[in-house]
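Peer 1: Submitted below is the structure of interest, expressed as C-alpha cells.
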Amino acid sequence: MRNTARWAATLGLTATAVCGPLTGAALAEPAAASGLYAPSALVLTLGHGESAAAVTPERAVTLTCAPGSSGTHPAAAQACAELRAAAGDFDALGAGSDAQCTKEYRPVVVTVDGVWRGKRVSYERTFANECAKSTYGSSVFAF
C-alpha cells in the first residue's frame, strides 16, 4: 500500500509539473522565441527508511528545468544548474562538503522520478542520515 501511495503522489506531482505551465496564460500566448526544447520535469521525494519501497515520503518537491527553472524546490535555479553541469547524472553530483557527521544510522531515502531532457528518469539514493544527505554537496537534494 505504501508503494502505491508513493507512486500516486509521484504521478500527481509529475503531471502538475509537466502540465502546469500549459494552463492559464501559457495557452493564451504563443511561445515566443523559446524554441524547441526537451522537457525536464522531476518529482523529488524524501523519507526515512531503508529503501523507497518501504518508505512513506515525508517531503516532495517538483523541479522543472526547461525552458526555465521553476517548481516547488526551494533552490530551483541552482539545482537545475547543477543537473545541467552533471548532464542529468545524479551520481555525478558528488560529495563536496568537509562537514563531519555523527555515525548515527537513521537512513534517509531520496527518490527522483520524471523526465530529464526528454528521457525517463527514476533514481533512488539512501544516505546514512540527514547530515550525510546535507553534506552531499548538491542543492538538488536540499529540500
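Peer 1: Taking 0.36 nm per intervening residue step and subtracting the Cα-Cα distance, what contour gain separates residue 105 from residue 125 on full extension?
Peer 2: Answer, rounded to one decimal: 5.7 nm.
Peer 1: How far apart, in nm, are the 7 Å Cα→Cβ label points at residue 98 and residue 134?
Peer 2: 1.9
Peer 1: Rounded to a whole number, what % of the accessible area of region 47-132 do carbon and sulfur atoms account for, probe 1.4 Å?
Peer 2: Exposed carbon and sulfur together represent 50 percent of the surface.
Peer 1: Also, quick follow-up: Over region 68-143, with the other protein chains present, what is the accessible area per residue in square angstrom, probe 1.4 angstrom?
Peer 2: Result: 53 Å² per residue.
Peer 1: Also, quick follow-up: Ordering 44, 93 from largest to smallest accessible area (1.4 angstrom probe), what's the sequence?
Peer 2: The ordering from most to least exposed comes out as 93, 44.
Peer 1: Can you pull the one-decimal nm distance between simple spin-label points at residue 87 and residue 48, each 7 Å off the Cα toward Cβ?
Peer 2: If labels sit at residue 87 and residue 48, their model points lie 3.8 nm apart.
Peer 1: Could you put 48, 73 in order of accessible surface area, largest first, with the 1.4 Å probe and the full protein assembly present?
Peer 2: The ordering from most to least exposed comes out as 48, 73.
The values are calculated or read from the model by the stated rules, or taken from the named source; none is laboratory data. Since the model is a prediction, treat every value here as computed from it, not as a measurement. Glycine also receives a Cβ, built like all others from the backbone with ideal geometry; neighbour counts cover every protein chain displayed. For the accessible areas, the whole protein counts, side chains as well, though only heavy atoms, and no ligand, DNA or RNA atoms are used. Shrake-Rupley method; radii C 1.70, N 1.55, O 1.52, S 1.80 Å.
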